[in-house]
Structure formats: C-alpha cells, structure tokens
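Visitor: Okay, handing you the structure first.
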Amino acid sequence: MSSAQTSFQDDAAHVLVVDDDRRLRALLSSYLVKNGHRVTVAASADEARGFLDGLAFDIIVLDVMMPGENGFDFAADLRGRSQVPILMLTARGEPQDRVRGLEIGVDDYLTKPFEPRELLLRIGSVLRRTRAAPVGGPEKTIVRFGRFAFSPERGELRAGDETIRITEREREMLRLLSANAGATVSREALSGSGGAAQERTVDVLVNRLRRKIEEDPANPTYLQTARGAGYRLIADR
C-alpha cells in the first residue's frame, strides 16, 4: 500500500505504520495525515523493509503480532542497523512484553485499545527529543562522567566525537539523574508512575544504560545502585 497523500510542510515528519490490520492502518494513516504528518503504511515486516530500503522515516509505529516475522523480531533486527525511533503499538501489554520491547531498544510502548490523541502526543514527544538541537548560543549545562558528556537541553549523550544512541525513555532517565547528580533518585520517580510494573522497567533501562556507559556494567562507576532506594549518577566535579 502506498503512502497517504496530502499537502505537507517541508518539515513534516514521515511516519511508517506497520500493522497487519487493514482497517487500523487506514484509520491511523487518515488521522496522522490530518494532523500534519506524512504517512506510509505496511502490512508486514517484509513490506516495511521494502519501504525502508528506499525511504527515510522519522519514526516507525510498529505492531507486535503480525503474520510471519513479529514486531519484536523486526525491531531487534532493525535496531542493529538503524537508529530510527520505534513506537510499539500493540495489544500485548503485559509487563514482560514491555520489558522485552525496552530491552530491544524501542523508544516508547503504547497498548491497544488506545486514544488516537495519546498516540499523536507520544509521537510528538519522541520526535521532539530525537530532533532536539540547541537554539543559539552555548548550552547551559553539560553533565560529564568519565569520557561521556550528556546535554540535558539536547538530550544527547556523547563519548568524544561519537554520539551514543539512547532511546526516549533512556533520555528522560538521564535528564532526571543529571538534574540530581550525586543524589539518589527513587525508582518510582524514574518510572514516571507509582506502578510496580513500571518500576521494573527502570531496572531494564538502567542495565541498558550501563552497557553503554560503563566499562564493567556489573560493577558500575557512574550509574550506581542505592540499595532499596533507587539509583544515582556520579558526575565529574
């Protein structure tokens, strides 16, 4: 199926919707187009790969349960070679499914049934962070730890000249830890809610961040555990 067609601003985000439900593809395409996005739809992982070979996308909205290759496997394969943001949209809302998505490296996870407005807001949130750039003048704050530097304003993590890819959730966590560098931030605060299931995802995100910034993730130097309390970021003075 081809892209939905309408007139767009030059900076309109291009969204790839991957879902085997024809009706939902049509509804999402129509809604996102009406709200200023360009949209391409695909019914399977194979069809999505065909589009990805020839087009650039700003974000992928991805179903999990599809014939053939499922969304988890497709996201894992894609994440190994691309940094395009991925928002999973699925009926599989169990904690273990969310954790699996986060471990793969998806940027956000929304369960069905859902409010279209919430999907639009989540897409916008991901895009703002992945497109973030300073608006003139020097950045006010750079948090440094070892060879790494994190810009809360840009939401960018760097190691020297190399940009380290982080997901939306990892970025939000680093912002909160950086704002409280040296102090313990509770797992509840880092989860964004009081739910135990959401707090468990914090541990997954912390482990993923450690693999990116620690020489020995099992014995972290910078992202430390405060047992029974939460986590703290040890920044350079």
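Visitor: Between a first residue in the range 173-186 that is among the hydroxyl-bearing types (Ser, Thr, Tyr) and a second residue that is not in a loop (DSSP other than H, G, I, E, B), which pairs have beta carbons less than 6 Å apart while being 6 or more apart in sequence or on different chains?
Guide: So the pair list comes out as 178/143; 178/150; 184/226; 184/230; 184/232; 186/230.
Per-residue answers, yes or no, for (1) surrounded by 19 or more Cβ atoms within 10 Å (Cβ to Cβ); (2) in contact with a Cys (Cβ under 9 Å, 6 or more places away or on another chain); (3) in contact (Cβ under 8 Å) with a residue 40 or more places away in the chain:
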residue	(1), (2), (3)
49	no, no, no
59	yes, no, yes
72	yes, no, no
80	no, no, no
87	yes, no, no
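Visitor: What strands (runs of 3 or more DSSP E), lying completely within the range 94-195, carry at least 3 residues that are under 27 Å from residue 14 (Cβ atoms), modelled with pLDDT of 90 or more and of a type in the set (D, E, K, R)?
Guide: Per the criteria, no element qualifies.
Visitor: Hey, another quick one. Does the range 39-48 include one or more residues that are outside the structural domain of residue 170 (by TED's automatic domain parsing), over 25 Å from residue 165 (Cα atoms) and part of a strand (DSSP E or B)?
Guide: The answer is yes, given that some residue of the range 39-48 is outside the structural domain of residue 170 (by TED's automatic domain parsing), over 25 Å from residue 165 (Cα atoms) and part of a strand (DSSP E or B).
Visitor: In this structure, does residue 57 turn out to be in a loop (DSSP other than H, G, I, E, B), closer than 21 Å to residue 11 by Cβ and assigned by TED's automatic domain parsing to the domain that holds residue 96?
Guide: Spelling it out, residue 57 is indeed in a loop (DSSP other than H, G, I, E, B), closer than 21 Å to residue 11 by Cβ and assigned by TED's automatic domain parsing to the domain that holds residue 96.
The values are calculated or read from the model by the stated rules, or taken from the named source; none is laboratory data. Only a predicted model underlies this, so the values are computations on that prediction, with no experimental measurement involved. We place every Cβ from the backbone using ideal geometry, glycine too, and count neighbours over all the protein chains shown.
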